[in-house]
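J.: First the structure, which I've put down as structure tokens, then a few questions once you've had a look.
The values are calculated or read from the model by the stated rules, or taken from the named source; none is laboratory data. Owing to the predicted nature of the structure, the values given are computational and were not obtained by experimental measurement. Glycine gets a Cβ as well: all are built from the backbone with ideal geometry, and neighbour counts include every protein chain shown. Each accessible area value is taken on the protein alone, full model and side chains, heavy atoms only, with ligands, DNA and RNA left out. Shrake-Rupley method; radii C 1.70, N 1.55, O 1.52, S 1.80 Å.
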Amino acid sequence: GENLIKYIGAKLLKEAKGEIKFLSEKNEVDLVDRIDTTNKTSFKRISYTKAIEILEKAVKDKKVTFEESNIKWGMDLGTEHERYLSEVHSKGPIYVFDYPAEIKAFYMLLNKDEKTVSGFDLLVPGIGELIGGSARENDYEKLIKKVGDNKELLEELKWYFDLRRFGMAASAGYGLGFE
């Protein structure tokens, strides 16, 4: 993910700098500098648990006021939290990994602690989440147990469950999204 972001940034600055400058003027933000700075930065990494501790401390120390200020382990991070972590805490891109299983997709691989999943979000200044990814659960029985009584999901994703039922190699993936 980090290499992809840096590759795209370098390619944009090399082949579309005029368009980036145009967008900078229209949006009143120096996108050339933002891309260049991102390309020169090593992306930081923290666990979800550490991210919650950072957010709790920021609220307690009155460094920030969030609309969703009831910061606690297990909550889904909002854009305001993601932007605080990337813009204020790390002052650059930051990976947050090992989110609680309850707030992530059923197909994400559970970690050994059986509370968190083997996944990450890449948070970047000015945006929030840019990339989300995870290892995928490939054990059919575990997937069926996670889905429980959701017959609609079982029917809609029959093909997905069948891939695991008949044997599937371990896999992982991520998605990059721009709005």
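J.: If you scan the stretch 70-92, which residues turn out to be open to solvent by 70 Å² or more (accessible area, probe 1.4 Å) and assigned to a loop (DSSP other than H, G, I, E, B)?
T.: Within the stretch 70-92, ASN70, LYS72, TRP73, ASP76, LYS91 qualify.
J.: Hey, any hits in the stretch 139-146 for a residue that's at pLDDT 85 or above, assigned to a strand (DSSP E or B) and within 24 Å of the chain's Cα centre (by Cα)? Spell out the reasoning first.
T.: At the first step, the residues of the stretch 139-146 found to be at pLDDT 85 or above are 139-146.
Checking which are assigned to a strand (DSSP E or B) leaves us with none.
No, the stretch 139-146 has no match at all.
J.: Report the residue count in the stretch 10-66 for those that are open to solvent by 100 Å² or more (accessible area, probe 1.4 Å), of a type outside the set (Asp, Glu), assigned to a loop (DSSP other than H, G, I, E, B) and within 19 Å of ILE127 (Cα to Cα).
T.: 2
J.: Filter the stretch 93-131 down to the residues that are closer than 15 Å to GLY74 by Cβ and of a type in the set (Asp, Glu), then identify the one that is least open to solvent (accessible area, probe 1.4 Å).
T.: My answer is ASP98.
J.: Further question on the same structure: Quick one: which residue in GLU102, GLU114 is under 30 Å from PHE161 (Cα atoms) and assigned to a helix (DSSP H, G or I)? First the steps, then the outcome.
T.: Details: GLU114 fails: assigned to a helix (DSSP H, G or I).
So the residue among GLU102, GLU114 that is under 30 Å from PHE161 (Cα atoms) and assigned to a helix (DSSP H, G or I) is GLU102.
J.: Is it the case that some residue within the stretch 154-168 is in a strand (DSSP E or B), of a type in the set (A, V, I, L, M, F, W, C), surrounded by 15 or more Cβ atoms within 10 Å (Cβ to Cβ) and in contact (Cβ under 8 Å) with a residue 12 or more places away in the chain?
T.: We begin by selecting, within the stretch 154-168, every residue in a strand (DSSP E or B); these are none.
Scanning the stretch 154-168 turns up no residue that is in a strand (DSSP E or B), of a type in the set (A, V, I, L, M, F, W, C), surrounded by 15 or more Cβ atoms within 10 Å (Cβ to Cβ) and in contact (Cβ under 8 Å) with a residue 12 or more places away in the chain.
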